[in-house]
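Everything on this sheet refers to the single structure shown next.
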Amino acid sequence: MPSFDVVSEADMIEVKNAVEQSNKEITTRFDFKGSSAKVEQKDTELTAFADSDFQLSQVRDVLTNKLAKRKVDVRFLDEGKIEKIGGDKVKQVIKVKNGIETDDAKKIVKVIKDSKMKVQASIQGESVRVTGAKRDDLQAAMAMLRKDVPDMPLEFNNFRD
């Protein structure tokens, strides 16, 4: 029986490369001269540091531009609140989301069931498995999910005939 998995995973290697490129650009930019602006990465957590709120927004802009150039969807980023640290300095924790949360998975299953297509969807941990009798039905389900679930960066893998 043909099937595929709906997943939501950022390419962490590309995220790491984007962080390194962002730091390189920040060190060479004139408006960041003499500041402590930088981006650090620990697993799936990015931390942006800067001297002021305005500089922090500039650091985030540089980071999102580098991520976009490396084809990492910025919808993976979950920005936390801005925290003040010693002196005038500020930081912001940005989490990189991996996997589909249970509520979102239920939403995907509901969208598939409401479409009356001849496919079945089941939640498998942090992914959703979609099975159907025909390959064409599965491809139609992929197109429908791309259109009807725009708020999540979805990928389709593990396609089996």
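A few comments on the model shown:
- Cα centroid separation - the stretch 107-161 against the stretch 63-92, whole Å: 31 Å
- Probe 1.4 Å, all protein chains present, accessible-area order of Thr47, Thr102, largest first: Thr102, Thr47
- For the stretch 125-130, Karplus couplings with θ = phi - 60° (6.51, -1.76, 1.60), whole Hz, Gly/Pro x: x, 9, 9, 10, 8, 10
- Straight-distance crosslink candidates among lysines, where the alpha carbon sits under 21 Å from Lys116 and sequence neighbours closer than 8 are dropped: Lys106, Lys107, Lys134, Lys147
- Our summary gives the chain a relative contact order of 33 percent, counting only alpha carbon pairs under 8 angstrom and 6 or more residues apart.
- Cross-link partners for Lys81 among the lysines, with Cα-Cα distance under 18 Å and sequence neighbours closer than 8 places in the same chain left out: Lys38, Lys42, Lys89, Lys91, Lys95, Lys97.
- Relative contact order %, the stretch 1-70, counting alpha carbon pairs below 8 Å whose residues are six or more apart: 31 percent
- Phi-based couplings in Hz for the stretch 72-84 (Karplus 6.51, -1.76, 1.60; Gly and Pro marked x): 9, 5, 6, 6, 6, 7, 10, 7, x, 7, 7, 10, 8
- FRET E, pair Lys113, Val74, Förster distance 35 Å, beta-carbon r, rounded to 0.05: 0.75
- Cα-based shape type of the stretch 12-96, given that a ≥ b ≥ c are square roots of the gyration tensor eigenvalues and the cut on a/c is 1.5: oblate
- Whole-percent carbon and sulfur share, accessible surface of the stretch 98-153, 1.4 Å: 47 percent
The values are calculated or read from the model by the stated rules, or taken from the named source; none is laboratory data. Note that the coordinates shown come from a computational prediction; the quantities given were computed from them, not determined experimentally. We place every Cβ from the backbone using ideal geometry, glycine too, and count neighbours over all the protein chains shown. The protein model used for the area step is the full one, side chains on, heavy atoms only, and it has no ligands, DNA or RNA in it. Shrake-Rupley method; radii C 1.70, N 1.55, O 1.52, S 1.80 Å.
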